Amino acid sequence: MYTLKFNFKIQQYQTDAVASVVRVFKGQPYSNPISYRRDIGNIKKVKQHSQISFMMNEEQQTMEFTDDFDDSGFKNEGIKLSFDMLLSNIKEVQQENNLMISDTLVDNLGACSLDVEMETGTGKTYVYIKTMYELNKYYGWTKFIVVVPSIAVREGVKKSFEITQDHFMEQYGKKVRYFVYNNWIPFPAIRELMS
């Protein structure tokens with residue numbers, strides 16, 4: 001049986017994009033991710049009340065539910081850099097790449113929101129995956145989420161993870177343990193879970 005193996009040519013522009021993201025966090029200490037495995041044991045759990053709103057038959061419906069607070073499992077170390085230091089690092093990367101300089105952080109999704117913008121077909125997914133390896137190498141981070149806009153893109157990203165595993169194993173001595181997470185739960189399933 002013959003198996004096809006892809007050979008990847010490392011492109012300088014891809015390496016530069018990865019290095020730019022890594023430099024945004026310059027000054028962040030390396031953390032061994034194993035130290036962040038937590039067992040919260042018998043600590044009193046805090047109930048958080050949440051609401052979900054949706055449209056059904058042209059009527060707005062609101063459902064309230066509770067969610068147990070659970071901070072167990074593996075997680076990345078939090079960003080130790082101040083917002084000023086993050087912004088300074090971002091400005092430095094922007095200046096080096098002749099990009100418009102940011103006045104403030106876009107932090108609605110965490111410490112900061114970053115974009116890697118590249119033309120279609122130039123290896124964005126490769127850059128994202130390599131960035132994960134580099135952030136792990138420099139800062140010890142191990143959990144990453146790739147958000148995609150459609151099922152077709154999701155399948156392409158999944159395939160990229162599959163075909164680049166051996167390539168990155170050769171470079172970093174590690175393999176990504178990836179999976180497809182689908183958080184879409186249709187309304188009837190939500191109703192059953194909440195009743």
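A few points about this structure:
- Listed conditions (1) within 30 Å of VAL127 (Cα to Cα); (2) open to solvent by 60 Å² or more (accessible area, probe 1.4 Å); (3) at pLDDT 60 or above are all met by SER35, apart from (3).
- Residue pairs meeting the criteria (Cβ under 6 Å; at least 6 apart or on separate chains; first touching a residue at least 60 places away in the same chain (Cβ under 8 Å) and small (Gly, Ala, Ser), in region 136-150; second open to solvent by 60 Å² or more (accessible area, probe 1.4 Å) and in a loop (DSSP other than H, G, I, E, B)): GLY140/TYR30; GLY140/ASN32
- Subset of region 1-33 (residues that are more than 20 Å from SER160 (Cα to Cα) and over 23 Å from the mean Cα position of the chain (by Cα)): MET1, TYR2
- Any chance LYS91 is among the basic types (Lys, Arg), modelled with pLDDT of 75 or more and more than 21 Å from TRP141 (Cβ to Cβ): yes
- So ASP84, is it open to solvent by 80 Å² or more (accessible area, probe 1.4 Å) and at pLDDT 75 or above: yes
- Within region 92-112, residues that are farther than 15 Å from VAL21 by Cβ sit with their Cβ atoms under 6 Å from residues that are of a type in the set (Lys, Arg), at 6+ positions apart or across chains, in these pairs: ILE101/LYS91.
- Per the listing TYR138, TYR172, TYR181, TYR133, the residue uniquely open to solvent by 60 Å² or more (accessible area, probe 1.4 Å) and either modelled with pLDDT of 85 or more or touching a Gly at 6+ places or on another chain (Cβ under 8 Å) (or both) is TYR138.
- If you go through region 95-113 and keep only what is over 15 Å from PHE25 (Cβ atoms) and out of contact with any helix residue (DSSP H, G or I) (no Cβ under 9 Å at 6 or more places or on another chain), you end up with GLN95, ASN98, VAL106, ASN108, LEU109.
The values are calculated or read from the model by the stated rules, or taken from the named source; none is laboratory data. It should be emphasised that the depicted structure is a prediction, and the values quoted were computed from it without experimental measurement. Don't worry about glycine lacking a Cβ; one is built from the backbone with ideal geometry, like all the others, and counts go over all protein chains shown. For accessibility, only protein heavy atoms count, side chains too; no ligands or nucleic acids. Shrake-Rupley method; radii C 1.70, N 1.55, O 1.52, S 1.80 Å.
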